[in-house]
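Q: Could you have a look at this structure, given as structure tokens, before my questions?
The values are calculated or read from the model by the stated rules, or taken from the named source; none is laboratory data. These numbers come from a predicted model, not from an experiment. Note: ideal-geometry Cβ built from the backbone for every residue, glycine included; neighbour counts use all protein chains shown. Note: accessible area is taken over every heavy atom of the protein model, side chains too, but ligands, DNA and RNA are not part of it. Shrake-Rupley method; radii C 1.70, N 1.55, O 1.52, S 1.80 Å.
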Amino acid sequence: MGVTCVSQMPVAEGKSVQQTVELLTRKLEMLGAEKQGTFCVDCETYHTAASTLGSQGQAGKLMYVMHNSEYPLSCFALFENGPCLVADTNFDVLMVKLKGFFQSAKASKIETRGTRYQYCDFLVKVGTVTMGPSARGISVEVEYGPCVVASDCWSLLLEFLQSFLGSHTPGAPAVFGSRHDAVYSPADTMVQYMELFNKIRKQQQVIETRKPNQ
Amino acid sequence: MEAPPVTMMPVTGGTINMMEYLLQGSVLDHSLESLIHRLRGLCDNMEPETFVDHEMVFLLKGQQASPFVLRARRSLDRTGAPWHLRYLGQPEMGDKNRHALVRNCVDIATSENLTDFLMEMGFRMDHEFVARGHLFRKGIMKIVVYKVFRILVPGNTENTEALSLSYLVELSVVAPAGQDVVSDDMRNFAEQLKPLVHLEKIDPKRLM
């Protein structure tokens, strides 16, 4: 996998999530990008069951189990600021066996679905982030296929991002910063999605607490 | 807490339950060559395969009486091979006529940071060992003849000592739940290895 940047596109003023996604995809099509199927990235959250906490004496940790349609036979499991395990899909079966120790927070299953666009060496995925039935935001993933070292191609990626995201272009992802010359891997993309999903979950909570004041 | 017992149901929650059928026995070191010779004749024609594996057993203790056990295994002689994580359920009790030990198993290939990840989940390593031996196949049956080595200094797989003067012989099949005919085939194969080695259904609980 090439170096990838995952970011959030804020919803345009006065428009819905779907309309903003349409604006973005139209821009991409005008640039000359070709539609190439769909994609889906999902994330389930597990937390250590109360029964295990007592004997371990540590605060409950959140574990994220994610899937990416780009790697259909894999499953990614990660802790925030912790290691990211890449495993095959039997890991989901193991999580069922671990039901007594790790409880799934069913309500917080979050996913992003959308279209894949190929533009020369760039693969762009624009997705609608949903939690249950409601759309919560927009994710934009851009991968530059030929390069696997982040520091070598960040400026090129940035230029491309600016061409269709304009003022909403993100800064360099945190995963790039930690290891300058390390080979980029799919686990780094999943960490970026986890951070994006967490940000979106928090944003929605902010909106919900404002409502009573209106 | 162990997972709820897996019965004859082949599918639970959308995934197929895989069961491991197992027969075990052992041979003294001096009988190894004749056993290998017979296995080479009986099993599928392939280059003799040897292996050196390092296995670590992790436990997750909860408030329940029995901890959750996971086995992490990696190859010491094949670079680039993925790590292997294995869950084995309790042996299914029931049919006394069933010739092999049957237990639910889940096999997962993972990246190299498996041990760090398991520690983060709350697992703690209970014990580790090195297994060195030979691998044979006959159809879906797998036959392994290996010696267990104790690791003297935790984490150091170079410095090991043999646990006994014998080799462990295991005949196993991983198949979807409900296919008991597999154990008949295993028994028939085991008959052909007598009297060099007697492969039996050994209930781990009886040893404790």
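Q: Does segment A:115-135 hold any residues that are of a type in the set (K, R) and under 13 Å from the mean Cα position of the chain (by Cα), and which are they?
A: Kept after step one, since they are of a type in the set (K, R), are these residues of segment A:115-135: A:116, A:125.
A:K125 - this is the single residue of segment A:115-135 that is of a type in the set (K, R) and under 13 Å from the mean Cα position of the chain (by Cα).
Q: Something else: Would you please name the residue that is farthest from the other protein chains (Cβ to nearest Cβ), looking only at residues in segment A:76-92 that are aliphatic (A, V, I, L, M) and open to solvent by less than 30 Å² (accessible area, probe 1.4 Å)?
A: Restricting attention to segment A:76-92, the residues satisfying the condition of being aliphatic (A, V, I, L, M) are A:77-78, A:85-87.
Filter again for open to solvent by less than 30 Å² (accessible area, probe 1.4 Å), leaving A:77-78, A:85, A:87.
Numbers: A:A77: 7, A:L78: 8, A:L85: 4, A:A87: 4 Å.
Once the filter is applied, the top-ranked residue is A:L78.
Q: Just the residues that are part of a strand (DSSP E or B) and open to solvent by 60 Å² or more (accessible area, probe 1.4 Å), please, taken from segment B:60-83.
A: Looking only at segment B:60-83, we keep the residues that are part of a strand (DSSP E or B), and these are B:60, B:68-75, B:83.
Within segment B:60-83, B:R71, B:R74 qualify.
Q: I would also like to ask the following. Is it true that A:G54 is modelled with pLDDT under 90, within 10 Å of another protein chain (Cβ to nearest Cβ) and outside any helix (DSSP H, G or I)?
A: Numbers: modelled with pLDDT under 90: yes; within 10 Å of another protein chain (Cβ to nearest Cβ): yes; outside any helix (DSSP H, G or I): no.
Considered against the rule, which asks whether it is modelled with pLDDT under 90, within 10 Å of another protein chain (Cβ to nearest Cβ) and outside any helix (DSSP H, G or I), A:G54 comes out as no.
Q: If B:V145 meets every condition in (1) touching a residue at least 40 places away in the same chain (Cβ under 8 Å); (2) over 20 Å from B:F51 (Cα atoms); (3) of a type outside the set (F, W, Y) apart from one, which number is that one?
A: (2)
Q: What pairs come up if the first residue lies in segment B:187-201 and is touching a residue at least 12 places away in the same chain (Cβ under 8 Å) and closer than 12 Å to B:S26 by Cα, the second is assigned to a helix (DSSP H, G or I) and of a type in the set (S, T, Y), and their beta carbons are under 9 Å apart, counting only those six or more places apart or on different chains?
A: Correct list of pairs: B:L196/B:S31; B:L196/B:S34; B:V197/B:S31.
Q: If only one of A:D121, A:D88, A:D152 is at pLDDT below 90 and among the acidic types (D, E), which one is it?
A: Numbers: A:D121 fails: at pLDDT below 90; A:D88 fails: at pLDDT below 90.
Within the list A:D121, A:D88, A:D152, the selection yields A:D152.
Q: Can I ask one more? What number of residues in segment B:138-188 are open to solvent by 50 Å² or more (accessible area, probe 1.4 Å), within 26 Å of B:H198 (Cα to Cα) and among the polar types (S, T, N, Q)?
A: Residues that pass the stated criteria total 3.
Q: Right, another one. State which residue is surrounded by the most Cβ atoms within 10 Å (Cβ to Cβ) when the search covers only segment B:13-33 and only residues that are in a helix (DSSP H, G or I) and not hydroxyl-bearing (S, T, Y).
A: Residue satisfying both the conditions and the ranking: B:L32.
Q: Scan segment A:111-127 and tell me whether some residue there is open to solvent by 40 Å² or more (accessible area, probe 1.4 Å), more than 27 Å from A:Q203 (Cβ to Cβ), free of Cβ contacts under 8 Å to residues at least 40 places away in the same chain and within 12 Å of chain B (Cβ to nearest Cβ).
A: Checking segment A:111-127: not a single residue is open to solvent by 40 Å² or more (accessible area, probe 1.4 Å), more than 27 Å from A:Q203 (Cβ to Cβ), free of Cβ contacts under 8 Å to residues at least 40 places away in the same chain and within 12 Å of chain B (Cβ to nearest Cβ).
Q: While we're looking at this one, here's another question. Of the residues in segment A:2-46, how many are at positive phi and either in a helix (DSSP H, G or I) or surrounded by 13 or more Cβ atoms within 10 Å (Cβ to Cβ) (or both)? Outline the logic, then answer.
A: Initially, segment A:2-46 is screened for residues at positive phi, giving A:14, A:32, A:37.
Right, trim to either in a helix (DSSP H, G or I) or surrounded by 13 or more Cβ atoms within 10 Å (Cβ to Cβ) (or both) and you get none.
Here the count works out to 0.
Q: What is the number of the single condition among (1) within 14 Å of chain B (Cβ to nearest Cβ); (2) closer than 30 Å to A:K35 by Cβ; (3) in contact with a helix residue (DSSP H, G or I) (Cβ under 9 Å, 6 or more places away or on another chain) that A:L73 does not meet?
A: Every condition holds for A:L73 apart from (3).
Q: Quick one: A:P146 ticks every box in (1) outside any loop (DSSP other than H, G, I, E, B); (2) at pLDDT 90 or above; (3) in contact with an Asp or Glu (Cβ under 8 Å, 6 or more places away or on another chain); (4) not hydrophobic (A, V, I, L, M, F, W, C) bar one, so which box is it?
A: Failing condition for A:P146: (1).
Q: Tell me, please, whether a residue that is within 15 Å of the chain's Cα centre (by Cα) and within 14 Å of chain B (Cβ to nearest Cβ) can be found in segment A:150-173.
A: No, segment A:150-173 contains no residue that is within 15 Å of the chain's Cα centre (by Cα) and within 14 Å of chain B (Cβ to nearest Cβ).
Q: Name the pairs: first residue in segment A:190-214 and farther than 22 Å from A:R113 by Cβ, second residue at pLDDT 65 or above and not in a helix (DSSP H, G or I), Cβ to Cβ under 8 Å, at least 6 apart or on different chains?
A: none
Q: If you check A:Q103 against the conditions, is it open to solvent by 50 Å² or more (accessible area, probe 1.4 Å) and in contact (Cβ under 8 Å) with a residue 60 or more places away in the chain?
A: For A:Q103, the condition - open to solvent by 50 Å² or more (accessible area, probe 1.4 Å) and in contact (Cβ under 8 Å) with a residue 60 or more places away in the chain - is not met.
Q: Could you tell me whether B:E92 is open to solvent by 50 Å² or more (accessible area, probe 1.4 Å), more than 9 Å from chain A (Cβ to nearest Cβ), over 14 Å from the mean Cα position of the chain (by Cα) and in contact (Cβ under 8 Å) with a residue 40 or more places away in the chain? Explain how you work it out, then say what you get.
A: Numbers: open to solvent by 50 Å² or more (accessible area, probe 1.4 Å): no; more than 9 Å from chain A (Cβ to nearest Cβ): yes; over 14 Å from the mean Cα position of the chain (by Cα): yes; in contact (Cβ under 8 Å) with a residue 40 or more places away in the chain: yes.
Spelling it out, it is not the case that B:E92 is open to solvent by 50 Å² or more (accessible area, probe 1.4 Å), more than 9 Å from chain A (Cβ to nearest Cβ), over 14 Å from the mean Cα position of the chain (by Cα) and in contact (Cβ under 8 Å) with a residue 40 or more places away in the chain.
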